[in-house]
Amino acid sequence: MTYRLYNRVGSGGFVTEAALALAEAPYELEELDSKPGTPLPDSFRATNPWRQVPTLILPDGSTLTETAATLIHIAACFPDKGLAPPPGTQGHAAFLRWMVFTNVNVYEAVLRRSYPARYTTDAGNLEAVQEAAIARMGDALAVLEDAIEPGPFLLGESMSVADVYVAMLFIWFRGEIDAPRLTAMTERVRQHPVVGPIWRRHFGDR
């Protein structure tokens, strides 16, 4: 049975695509002809009412949205691939903590920076919304920087899909930050033999 992933180059759907590849799951990739930061066509509402990617069609035909949800689901469906620690363990509790933290505090800040008009009714205040988003994202990344202890990944020695998620968002940051652990972790993700080619197709040398 095959997954179908709706995605666009340079978007957050990169990490769902990477997770499917790491899981060695059979999937079809439907790349939308649309640039990140621009709205998807209204016709895409039939697939995802929120008009966002990634949108993952599961083998049973049901639809799964929200980046963190796709990663948690894929990791659970392929437990032998080591994409996350086993459920019920301390490591899995940490995995869920950082997945949700990243989704709520980092990814949401990216959306506020990229689509400020969604977050205020004051059209003259968009720059302030973006500035606040960048500051908030920096604060959240600083928490993740401290969490990579002892490292080299968030959960210790082994890379999980949480690391791939954080690495993607880290390169999207537009502020100043001293984050040597995040920098080193991101480089490990970029050089991963499975993730690396997908990374370069989406983000080039970033």
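For the reader, a short list of remarks on this structure follows.
- The chain shape via C-alpha gyration tensor axes, a/c threshold 1.5: oblate
- With one equal scatterer per alpha carbon and no solvent term, the Debye-computed log10 I(q)/I(0) for segment 3-81 at 0.13, 0.19, 0.27 1/Å reads -0.35, -0.74, -1.43.
- Only helices reaching 27 angstrom along their own axis (Cα) with mean Kyte-Doolittle hydropathy no lower than 0.5 count here, and for the DSSP H runs of the chain these are 126-147.
- Counting only DSSP H runs of at least 4 residues, each contributing -39500 (n - 2.57), and dividing by the residue count of the chain, the helix-based mean residue ellipticity at 222 nm comes to -14000 deg cm²/dmol.
- One decimal place: the segment Thr89-Ser43 gains 12.3 nm when fully extended, by the rule 0.36 nm per residue minus the C-alpha distance.
- Projected label distance in nm at Thr63 and Arg51, using a 7 Å step from Cα toward the beta-carbon: 1.4
- Within the chain, percent of DSSP bridges classed antiparallel, to nearest 5: 60
- Förster-model FRET efficiency, 22 Å R0, Gln191 and Leu126, C-beta, rounded to 0.05: 0.05
No value in this document is a laboratory result; all are computed from the given coordinates. Owing to the predicted nature of the structure, the values given are computational and were not obtained by experimental measurement. With ideal geometry, Cβ positions are generated from the backbone for all residues, glycine too; neighbour counts draw on all protein chains shown.
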